[in-house]
Amino acid sequence: GITLVSDGAFEYVFPLSTFGCIMLMMQLNVIDETLKAYVANVIFLALLSPRIYCETTGCNQWYALKLLVNIVMSLGITAGFHVIPLPLPPHHRCEPLLAISRVRRLQAQVRAQSDLQLTHLVEAACTSDFAAIAALRTLRAGVEATQDKLDSQLPMACLELIAVLCAPEAGALKAAIASTKAESALLARATAVLSTTSDARAPPIAGANASMRAAMNELAVALKAPDGVTADRVQALATTLQETYTAGDGALRRSVRDGAGGAEALMHADAFVATLVLLGLARASTLKAAAEAAAAAKPASLLQRLGAWLVISKLAANLRHPIRAPWEGPIGAWRSWATPHNIRSLKFALSMGTAAMWVSLPHLSSISEGEGSNVGVNLALIYGSSLHGSVGAGYRKAHDRVIGNTIACMFALIVDVFWQVTDTYSLVSIGVVWTFLLLLCRPTGPNAYVWTNMAYTYFLAIFSITPTDADYLIFRIGTLFIAILWWLGFELLFHPINVAYASNSVTVWTSIANQHLTNALKNAAAALEAPPGDARKEALDGISAEGRAAAAKVAAAKAALADAPFEPDFAGLNTPAPKPLVASVLERRSVAGERLACFAAAVQATSDSGDERAIRVLAERFVRPVAAQASRCAALLAERHERPLQFVASYTELAVTREQLRTAYNDVSASLLLDTLGQEVKQGCVDARLAVSSAVWGLFELCSLGAADGETITQMVFDWRLWDKPVAAGAPAPVAVSATSSQGGAAGAELGAIELHKSN
């Protein structure tokens, strides 16, 4: 229809159509959020291409069909090259290999690195070689880096398996990688237990007897064996390790406690052994599930192999609410319309609609010499990286496009002007070699896009310049800079609305003020105090759910932090670099998420043991004081304007809570944990004494991290964002006890009330 309007009307119809279509597209739920910027690029070109096609060749009834055929052919060729394996050796590490092969290679690499880490763990736990303990951190960093690569490649590998009618294999691959990640998390926990041991003390099980060393080595060998080990064998070895450690009258555990490290050394030793036992039980569960799945496996039907149920279920979920409601409250209220999503949609649609004027308006079109469409194309590609609020990612994309376009255009200029190559086949051959070398040498990580951009820009430039006319290069780079300025202009225009993106200091405060930790501790106290049954199970599930929510929040903040050096703050807060404590705070929050997962697993193990006395001791002496102090921190955050001094001090008071935990554990370990707390251990469960120690270690670490957050608040107390950022509704009410003493009861509550009264 846009080809039928007159030239005068086209000046206004094209920008308005672009604005309307993109604004509508941003409200559609059936389009994935990560693809909307690229869909906007397609909309822009789809509205423009028929008009240009008709102006150059004349319209006929077949022009639309020809465009569709070209699109289908390009998509078919692309899909074909993704599913056809290339005849390259398996050790070759270039990008054209199948994502399936890369995932399987990375999976094997994670397994090998984890096996090496397990070997060093067992050796470091039984010796006094602290250099080996320090080396474990390096090994752990390598495992995490490989795991990140594996996570990034897994979605493409699953898509390729579905494309070749292997949807069940895709599900099995995801399940295998999930179990590998779970075991890797347990190894990370064991490494953390060793890494947090002070250098002044011996490692957790230094001086272990021969039977203890043999039990750990046998379990490690079984875990490292790829085949031939049954689930019953692994579970038996894990049980043997636990029984060896707690055998007799607890002589080995008593010797650990009576050593230089005292009760804290016993806590680390118990946590380490409990983690190894959980690792063995997890592997046994995985092997058992795999054996049952293999025994019950049936030939997959064609519908199952197509993976149609995955596609249909996703579409059905989106089609239930295909269009996002543009308001979130009363229709007449401004705030119900001015949501962050609507503001971003309006900003994007306005920027693309006005960029379309470089094509529709004769004056702007003549300035750009007919290359005005590059403004809209570049704007959509740059905006695609900053659609979800990460302005720094947009800066990086703009930087990469400038570098890639410039280098590719210079190479095309050399080929066409200096070498004077005019033969089409020669130009294509040079382009094939150029593209192959660039993709072969392309690095992974944030700099990969520069190389990709250089690869395909050559083909766009080589057929648009001649030995006597190289103006295309000038206008291509010029329109790119216009697109960058266009994007920056709309960022400046919409920045005062304060929803375009969050400053880095806000990232610090929202990361520290993490309500999920407080909720998890409350759920833990509720689970341990509830009678066995559905109520306890629901509370235990709540701990894991809050931990996952906290981890997702920190992961999103860390992903945005990767672009923080390119992120300006137009109010002058973070120029030229972000606050120096942002990275350290996010890393601390990430570690806190891992410690929370350890605590959740230990609470679950304590509950599974069925030892009600251990459950009561853990709840009353350890969990409740920490939960009370965490609730107080959250309550004072909501009241920080009225009680600023108490708020600043509340997080540092977690150091006092940590010392109270140390005192309480010292009392409990002397009177209960060594002899009278444990009862007969259930089959396939962790000893209650080890589970309690592991939970206390997690709480101890959480308190240490919270105290470090208090030091950060003290350093950044003059940041106005701390006092300006509103707190979400539903903050917990203040509690009367800052931290109960290790004695518990009314005396501890009275002491906490007196302390709170003094602070007021």
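Here are the numbers for this structure:
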quantity	calculated
Test: residue in region 651-663 that is of a type in the set (Lys, Arg), open to solvent by 30 Å² or more (accessible area, probe 1.4 Å), at pLDDT 85 or above and more than 29 Å from residue 282 (Cβ to Cβ)	yes
Subset tally (residues that are assigned to a helix (DSSP H, G or I) and either open to solvent by 60 Å² or more (accessible area, probe 1.4 Å) or among the hydrophobic types (A, V, I, L, M, F, W, C) (or both)) for region 355-367	9
Residue identified as farther than 23 Å from residue 34 by Cα, open to solvent by 30 Å² or more (accessible area, probe 1.4 Å), at pLDDT 85 or above and out of contact with any helix residue (DSSP H, G or I) (no Cβ under 8 Å at 6 or more places or on another chain) among 182, 178	178
Residue within region 74-87 that is in a helix (DSSP H, G or I), of a type outside the set (Phe, Trp, Tyr) and modelled with pLDDT under 65 present	yes
Residue within region 235-246 that is closer than 20 Å to residue 127 by Cβ and either at pLDDT below 75 or open to solvent by 10 Å² or more (accessible area, probe 1.4 Å) (or both) present	yes
Of all residues making up region 450-468, the number that are open to solvent by 70 Å² or more (accessible area, probe 1.4 Å) and at pLDDT below 85	1
Residues of region 46-73 that turn out to be open to solvent by 70 Å² or more (accessible area, probe 1.4 Å), at pLDDT 80 or above and within 25 Å of residue 379 (Cα to Cα), as a count	2
Contacts under 6 angstrom Cβ, first residue in region 650-668 being under 22 Å from residue 253 (Cα atoms), partner open to solvent by 20 Å² or more (accessible area, probe 1.4 Å), 6 or more apart	664/621
Residue list for region 385-434, restricted to those being hydroxyl-bearing (Ser, Thr, Tyr), within 20 Å of residue 461 (Cα to Cα) and not in a loop (DSSP other than H, G, I, E, B)	406, 424, 425, 426, 429
Options 470, 408; residue that is within 21 Å of residue 373 (Cβ to Cβ) and more than 44 Å from the chain's Cα centre (by Cα)	470
Test: residue 301 is at pLDDT 80 or above and either open to solvent by 10 Å² or more (accessible area, probe 1.4 Å) or over 19 Å from residue 182 (Cβ atoms) (or both)	no
Some residue of region 483-490 being over 38 Å from the mean Cα position of the chain (by Cα) and either on the phi < 0 side of the Ramachandran plot or open to solvent by 30 Å² or more (accessible area, probe 1.4 Å) (or both)	no
Complete set of residues in region 648-664 that are in a helix (DSSP H, G or I), closer than 17 Å to residue 714 by Cα and over 30 Å from the mean Cα position of the chain (by Cα)	649, 656
Hits in region 586-614 - residues which are β-branched (Val, Ile, Thr) and either surrounded by fewer than 24 Cβ atoms within 10 Å (Cβ to Cβ) or touching a strand residue (DSSP E or B) at 6+ places or on another chain (Cβ under 6 Å) (or both)	591
Selected residue (only one of 532, 568 is farther than 29 Å from residue 650 by Cα, at pLDDT 80 or above and not polar (S, T, N, Q))	532
Selection within region 690-723 - modelled with pLDDT under 85, part of a helix (DSSP H, G or I) and not β-branched (Val, Ile, Thr)	709, 710, 711, 715, 720, 721, 722, 723
Subset of region 247-283 (residues that are open to solvent by 20 Å² or more (accessible area, probe 1.4 Å), within 17 Å of residue 191 (Cα to Cα) and either outside any helix (DSSP H, G or I) or among the charged types (D, E, K, R) (or both))	264
Matching residues, region 101-154, being more than 18 Å from residue 224 (Cα to Cα) and either open to solvent by 60 Å² or more (accessible area, probe 1.4 Å) or among the acidic types (Asp, Glu) (or both)	128, 129, 131, 137, 138, 144, 148, 149, 151, 152
Residue among 579, 558, 537 that is of a type in the set (Lys, Arg), at pLDDT below 85 and part of a helix (DSSP H, G or I)	558
Residues (open to solvent by 50 Å² or more (accessible area, probe 1.4 Å) and free of Cβ contacts under 8 Å to residues at least 40 places away in the same chain) located in region 421-443	423, 424, 425, 428, 429, 432, 433, 436, 437, 441
So residue 370, is it buried (at least 21 other Cβ atoms within 10 Å of the Cβ) and under 16 Å from residue 11 (Cβ atoms)	no
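The values are calculated or read from the model by the stated rules, or taken from the named source; none is laboratory data. In this text the structure is predicted, and so the values were computed from the model without any measurement. Here the Cβ is made from the backbone with ideal geometry for all residues, glycine too, and neighbour counts use every protein chain on show. Surface areas here come from the heavy atoms of the whole protein model, side chains and all, with no ligands, DNA or RNA. Shrake-Rupley method; radii C 1.70, N 1.55, O 1.52, S 1.80 Å.
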